[in-house]
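For reference, the structure is listed below as structure tokens.
The values are calculated or read from the model by the stated rules, or taken from the named source; none is laboratory data. Treat the numbers as computed from the prediction; the structure is a model and nothing was measured. Heads up, the Cβs are rebuilt from the backbone with ideal geometry, glycines too, and the neighbour counts pull from every protein chain shown.
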Amino acid sequence: MKPFHWVGIAIPMFLIFVVSWIPQINGPHLWFGFPSLFVWFCLISGPGVSLTLWWVESRRDDADDDADLEEVQG
């Protein structure tokens, strides 16, 4: 894995970790009628992590390597 992939993965993971200390998110607030922490994790962090993982997987060097697949299929 290339070094910049680690940076891309670290950003959403860092935000998930830090969110518990941000008073605007971890407080008695409602966003769209739901607790702000719930909205942060479900609507912001979830798609952010999913898109980051998709981005890393789409740029893998061995993604087009079908040699392993041919060995398994025999």
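Observations
- Members of region 19-53 that are surrounded by 11 or more Cβ atoms within 10 Å (Cβ to Cβ), part of a helix (DSSP H, G or I) and not aliphatic (A, V, I, L, M): Ser36, Phe38, Trp40, Phe41, Cys42, Ser45, Gly46, Pro47, Gly48, Ser50, Thr52
- Options Ile11, Ile16: the member that is surrounded by 15 or more Cβ atoms within 10 Å (Cβ to Cβ) and modelled with pLDDT under 80: Ile16
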